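Remarks on the structure that follows.
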Amino acid sequence: MKKIVFTLVILFLSLLIQSQPPSGKAKPGTIYGAKTDITNAIEAQKLTSLLNERDTITIKVKAKVLDACSSKGCWMSLKLDDNTEAFVKMKDYGFFVPLDIIGKTVVVEGISYIKTTAVSELKHYAEDAKKSQKEIDAITKPEKQVRFLANGILVVE
């Protein structure tokens, strides 16, 4: 019986450790996920017009990080322009970003597209971002979002 309890405790602790954001600082030059660089990265404000021309594009975008998942760094949002943000998820949950990436400028490489996001999913991400209950309750309609499935992220500044 003691062996079973010990095994369960070890399993629980290992899962807890895995669900944390990466340690360390998001310093310029740090790469998360697949290797990428700034070559051919477009400025963030150009992305929405490109998505008006095509449904899905493979691209590199340079943008400022506005928010990130406080639970384990599994998503982040980027500023595209004064009215638009892009929601970024990491491909296959293969990597995460540290919380201090908020406010940094990054290059994100991957696939971008437009998605209508359900209310339940929007509320889930609001909870991850530690929004107030009032802000979460105010989410009542699905929302069209610019999405990004990132293969790699480079911290630029």
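The values are calculated or read from the model by the stated rules, or taken from the named source; none is laboratory data. Since this is a predicted model, take the numbers as computed values, not measurements. Ideal geometry is used to build each Cβ from the backbone, glycine not excepted, and the neighbour counts take in all protein chains shown.
Quick test for you: out of LYS131, LYS115, LYS141, pick the one residue that is of a type outside the set (Phe, Trp, Tyr), surrounded by 13 or more Cβ atoms within 10 Å (Cβ to Cβ) and not in a strand (DSSP E or B).
Step by step, each of LYS131, LYS115, LYS141 is checked, and only LYS131 is of a type outside the set (Phe, Trp, Tyr), surrounded by 13 or more Cβ atoms within 10 Å (Cβ to Cβ) and not in a strand (DSSP E or B).
Here are SER70, SER49, SER120: which of them is out of contact with any strand residue (DSSP E or B) (no Cβ under 7 Å at 6 or more places or on another chain) and within 22 Å of GLY33 (Cβ to Cβ)?
Of SER70, SER49, SER120, the one residue that is out of contact with any strand residue (DSSP E or B) (no Cβ under 7 Å at 6 or more places or on another chain) and within 22 Å of GLY33 (Cβ to Cβ) is SER70.
Could you please tell me which pairs satisfy a Cβ distance under 7 Å, a separation of 6+ or placement on different chains, a first residue in segment 27-43 that is surrounded by 14 or more Cβ atoms within 10 Å (Cβ to Cβ), and a second residue that is in a loop (DSSP other than H, G, I, E, B) and among the aromatic types (Phe, Trp, Tyr)?
If the second residue must be in a loop (DSSP other than H, G, I, E, B) and among the aromatic types (Phe, Trp, Tyr), the pairs left are TYR32/PHE95; GLY33/PHE95.
Restricting attention to segment 57-79, does a residue exist that is under 17 Å from GLY152 (Cα atoms), among the hydroxyl-bearing types (Ser, Thr, Tyr) and surrounded by 14 or more Cβ atoms within 10 Å (Cβ to Cβ)?
yes
Go over the candidates LYS131, LYS115 one by one and state the one that is over 28 Å from LEU50 (Cβ atoms) and modelled with pLDDT under 90.
That would be LYS131, the only listed residue that is over 28 Å from LEU50 (Cβ atoms) and modelled with pLDDT under 90.
Of everything in segment 37-70 that's within 12 Å of PHE148 (Cβ to Cβ) and either in contact with a His (Cβ under 8 Å, 6 or more places away or on another chain) or small (Gly, Ala, Ser) (or both), which residue is modelled with the highest pLDDT?
ALA63
Take LYS123 and decide whether it is more than 12 Å from the chain's Cα centre (by Cα), buried (at least 18 other Cβ atoms within 10 Å of the Cβ) and of a type in the set (Lys, Arg).
Considered against the rule, which asks whether it is more than 12 Å from the chain's Cα centre (by Cα), buried (at least 18 other Cβ atoms within 10 Å of the Cβ) and of a type in the set (Lys, Arg), LYS123 comes out as no.
Given the conditions (1) surrounded by 13 or more Cβ atoms within 10 Å (Cβ to Cβ); (2) modelled with pLDDT under 90, report the number of the one that ILE17 does not fulfil.
(1)
Can you name the residue in segment 103-112 that is in contact with a Ser or Thr (Cβ under 9 Å, 6 or more places away or on another chain), among the aliphatic types (A, V, I, L, M) and surrounded by 15 or more Cβ atoms within 10 Å (Cβ to Cβ) and is also farthest from ARG54 (Cα to Cα) among such residues?
Checking each candidate, the answer is VAL107.
Inspect segment 103-113 for any residue being of a type in the set (A, V, I, L, M, F, W, C), touching a residue at least 60 places away in the same chain (Cβ under 8 Å) and in contact with a helix residue (DSSP H, G or I) (Cβ under 7 Å, 6 or more places away or on another chain) and give the result as yes or no.
no
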